[in-house]
Amino acid sequence: MTERLTVSGLVVEFLHEQYRVRPIDGLSFDALPGEMTVLLGPSGSGKTTLLSCLGGILTPTSGAITIGDTVVTDLDRSGLEEYRRRQVGFVFQAFNLIPSLTALQNVVIPMILTGTPRHAAFERAEETLTRVGMGERLHHLPSKLSGGQQQRVAIARGIAHDPPLLLADEPTANLDHIQAEAVIRLLRDLRERGCVIVVSTHDSRLVPVADRTVQMSPEADVTEGQPQAVVYVRGRVDLRAGRPTGSGVRDRGRRGRHHPGAGGRRRGTSRPNRARPVLRRVGLPPRVPPLGLGPGRHRRSPGRLRTAGLPRDGAA
């Protein structure tokens, strides 16, 4: 594998409540085969958005993404499906293992779906799991594996079909220190395969082993200015707590209080019980106590049935 990743002038723009948001604005970088590139930044800085663009899941607003001879941003729908199937390996933060399948089966299924013969898929899956240190856990369900072991299975699933590009989204986020160190060593060893590894994280432990670091959140410019006075005018409402009027959702914390102009209700008023006429029509009292459905229901239900005017044990 000698396919190079090139990102040029990438821009991703969303329209959110009539505001344009750009989590990625003019990003450019290169990643060579056999290198691990770490996307470093806090939550909300666009790391996962960038991985989605690199993996052909999200179409950027502008810019170009090239892996080898493939221009990802020029592919149509069928081309993107083939690209994701053949050239990209995904390692998800939440593992995304199928709980009813063993570790071996979780690695085999994606290869079979891409057309790999069944016998070859099982051989390749067993070899890959052994490489990541899971050779003795081939037939264990995910529920019987630790977090670090599940992440190793997820990595094996991502590299089993030898993709030129491996994308890992927060691979150490759900792991303790020991398990995270094992995953970091595994990612470092995978560079020998010659694929491009792109990892998004806010874990500083990945920085020393990275060949390249892409800072997703540039340092904010700190400017000093003169203090500004804020004047509040008596009688004018600048901020209002609670839900907006007409939202259709009742604010439980303000029930029974009177808020002029906010649709509130005066203290002491009650709502009419619309169920009472229906209950009287069928011969039941206006208030029917709830029947117990938990422990002890056999002791409480007969008395409540009698209170509600209902027959006991099906008696007429």
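The values are calculated or read from the model by the stated rules, or taken from the named source; none is laboratory data. Note that the coordinates shown come from a computational prediction; the quantities given were computed from them, not determined experimentally. Glycine gets a Cβ as well: all are built from the backbone with ideal geometry, and neighbour counts include every protein chain shown. When the accessible area is computed, the model is the full protein with side chains, heavy atoms only, and any ligands, DNA or RNA have been set aside. Shrake-Rupley method; radii C 1.70, N 1.55, O 1.52, S 1.80 Å.
Here is how the numbers come out for the structure above:
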item: Point-to-point label distance, Asn96-Ser62, nm (Cα→Cβ direction, 7 Å offset); result: 3.0 nm
item: Protection proxy ranking of 110-122, 177-189, 45-57, 85-97 - average other beta-carbon atoms within 10 Å, highest first; result: 45-57, 85-97, 177-189, 110-122
item: Burial ranking of peptide ranges 59-68, 98-107 (average Cβ count within 10 Å, highest at the top); result: 98-107, 59-68
item: Stretchable slack from Asn174 to Val71, in nm (0.36 nm times residue separation minus alpha-carbon distance); result: 33.7 nm
item: Solvent-accessible area, 1.4 Å probe, carbon plus sulfur percent, for the range 102-206; result: 51 percent
item: Å² per residue, accessible surface of the range 25-172 at 1.4 Å; result: 44 Å²
